[in-house]
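Encoded as C-alpha cells, the structure appears first; notes follow it.
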C-alpha cells in the first residue's frame with residue numbers, strides 16, 4: 001500500500017487509484033507565508049490535511065512531527081470538530097484547537113531547529129564539495145575572467161521578440177545563452193597547423209597552448225592572444241556593422257583599418273547656412289533702415305549748408321517787414337525750422353504728453369518738447385536719460401573748391417543736429433563698433449613696435465652667425481668682402497638692439513593708474529631685457545675674431561712700421577680697417593695719414609663697444625635687483641657671474657682705449673706728423 005507525504009512526511013490516505021508515489025520532497029527550513037485553508041486542501045495536493053477515517057501510518061514510512069500529533073478519537077474532523085478531539089504540539093505539548101493553528105504555531109515558535117548531522121562521512125564529503133566549489137581550477141577561472149573589463153559584452157543587446165502562438169505554448173524550451181561565434185561565417189578562417197606563427201610581423205610567436213591561437217573574426221588569420229585584444233562590431237558575413245552587429249575579437253590591422261577609425265571629427269551638422277539665411281533677413285532690414293536714415297541726414301545737412309532760395313526769400317521778406325525790436329535770431333531759428341521740416345514731418349506737440357523713452361510728462365517750462373530731426377518724433381532733452389542729444393557734424397562746404405587733401409577750417413561747416421536715441425544708435429552704432437575694433441591703445445601700439453624690432457633681430461642673427469664662420473677659420477684668412485659684410489650686419493644689429501631697448505623703455509615708462517597694467521609693463525620690460533642679454537653678447541665675437549686673425553697673420557701681413565724721429569712704432573691694423581683703406585701709399589706722408597685714419601676708426605669702434613657693454617651691465621644690474629625683490633636667488637647667482645664677465649670685458653676695452661690714446665700721443669706729441 002502506498003501513501004503520500006506533506007511537509008515533513010505526513011501520510012495522506014491510502015493512495016488507491018493514484019499515480020505512482022512521488023519522491024518525498026527535500027526538507028527545507030523556511031517560513032511559510034500562510035498555511036493552506038480547508039477549502040484548498042485535497043487528497044492529491046501536497047498540503048492536504050488529515051482526512052477522516054485515516055488509518056494508522058503505513059509501515060515503512062518514518063514518523064515526523066506532524067504525524068506525532070495526537071488526534072484523540074479516530075475519524076474526528078481535523079478542524080472545528082467535536083469537543084472530544086484534541087490537538088497537541090508534539091514539541092511543547094501545547095493544546096491547539098485546529099490544525100491550521102497548530103501549523104502556524106510550529107512555524108512561528110519552532111522554526112529555528114538545529115540540523116542533525118546523521119552521517120559524519122556525508123558531512124565530510126559535503127565540506128569537500130564546498131571547498132572544491134570555492135577553489136575552482138585556474139583554467140576555469142581564466143576562462144570566466146578572460147576579457148573582463150576589456151571586451152564589450154553582447155548581453156546588453158535587446159533580446160529577440162517572444163514567439164506568440166500555439167507553437168510557443170506547446171513547447172516551452174529553456175533559452176540557451178547566445179554565443180555570437182556560432183552565427184558568424186568561418187569559411188575564410190585560416191586552419192591551424194602544427195608550426196603556425198603569429199601573423200603579426202612584429203611578433204613571430206609560435207601559436208599553441210602557451211601563446212594561444214585565435215582567428216581574427218574579420219580577416220580570418222591566426223594570431224596570438226596578445227595581438228587579438230581588439231574588438232569591433234561585425235555582421236554574420238564578417239563585415240563591419242557598427243549598428244546591428246555583434247562584438248568580435250579582431251586583429252590590430254582590421255581594427256585600425258575599419259571605416260571611421262581615422263575620422264578625428266564627430267558628426268557635424270552645419271546649420272550656418274540656415275542661421276545665415278534667417279539673419280540675412282534681419283540684416284537687410286537693418287541695412288535698409290540705416291540707408292534710409294542716412295539719406296535723410298545727408299539731405300538735411302545739405303539743406304542747412306546750402307538752403308534753397310525760396311526759403312531764404314520768404315524769411316528775408318518776413319524779417320524785413322517786422323519791427324526793429326524783432327530779434328534777428330528768431331528769424332534764423334524760423335528759417336532753420338522750416339528747412340528741417342522739409343526733410344520729415346514733425347509730430348504735433350499736443351498729441352504727445354509723455355516722452356516715449358523715459359515716460360516723463362511734459363508741461364513745465366523747464367521740461368520742454370523737442371523734435372528728432374530724422375524721424376520727427378517728440379522727445380525730451382533730459383541729459384540724464386539721453387533720450388535726445390545734439391550731435392556735432394562737420395559738413396564740407398559745397399561752395400569750396402574740391403581738393404584731395406584734408407579740408408581746411410574754412411572749407412567745412414560745423415552743425416549741431418538733434419537726434420533721438422533710436423536714430424542715433426541706428427546711424428552711428430555700426431560705425432562706432434568698427435572704430436572701437438580698429439582702435440589700438442598706446443601700450444598696444446608700443447608693444448607691436450617692440451615685436452617688429454624683435455622679429456627683425458631674429459631674422460638678422462642667423463645671417464650674422466653665418467658671416468662669422470669664415471672669420472673664425474684659422475687656416476685661411478677672410479677676404480675683404482667677407483669682413484665688410486660681417487661689419488655691415490653687425491652695425492645693423494647694433495642699431496636694431498638700440499631701437500629695441502628704446503621701445504622697451506617706452507613701454508615701461510607709460511603712465512597708468514592701474515596696478516595690473518603697471519605690472520604688465522614691467523613684465524614686458526623684463527622680458528625685453530632678457531632678450532637683449534641673450535642676443536647682444538654674440539656681437540663681441542666679431543672684434544675678438546678679427547684681433548685673433550690679425551695677430552695670427554703676423555707682422556708681415558697685418559703690421560705697418562711708422563718711422564717717427566728714429567723710433568719704430570708698430571701698428572697692428574684690423575681687417576675691418578684694411579677694408580676701409582683703398583690702397584697702401586708708398587711714401588711717408590701717405591703712411592702717416594693712413595695711420596691716423598686707422599687710429600680714428602679703431603678708437604671709434606672701441607668706444608662704441610665700451611658704451612654697449614656699460615649699458616648691458618646696467619641692464620643686468622637692474623635684473624639682479626628685480627630678482628632680489630622676487631627672491632629668485634638662483635637667478636641672482638647666474639646674473640652676478642654675467643656682471644663679473646661684463647666687468648672684465650669693460651676693463652679690457654678701457655685698457656685698449658688707453659693704448660689707442662698712447663698711440664695718438666706718440667703720433668702727435670713726438671712730431672712725427674708734418
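Readers should treat all values here as calculations from the given coordinates under stated rules, not as data from a laboratory. For clarity, every value in this text was computed on a predicted model and none was experimentally measured. With ideal geometry, Cβ positions are generated from the backbone for all residues, glycine too; neighbour counts draw on all protein chains shown.
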Test of understanding: ordering 271, 628, 370 by Cβ neighbours within 10 Å, fewest first, what list do you get? 271, 628, 370
Beyond 14 Å, the calculated P(r) of region 491-541 holds a percent of Cα-Cα pairs equal to 55
Order of 310, 475 from fewest to most other C-beta atoms within 10 Å? 475, 310
Taking 433, 428, 653 and counting other C-beta atoms within 10 Å, the order from fewest to most: 433, 428, 653
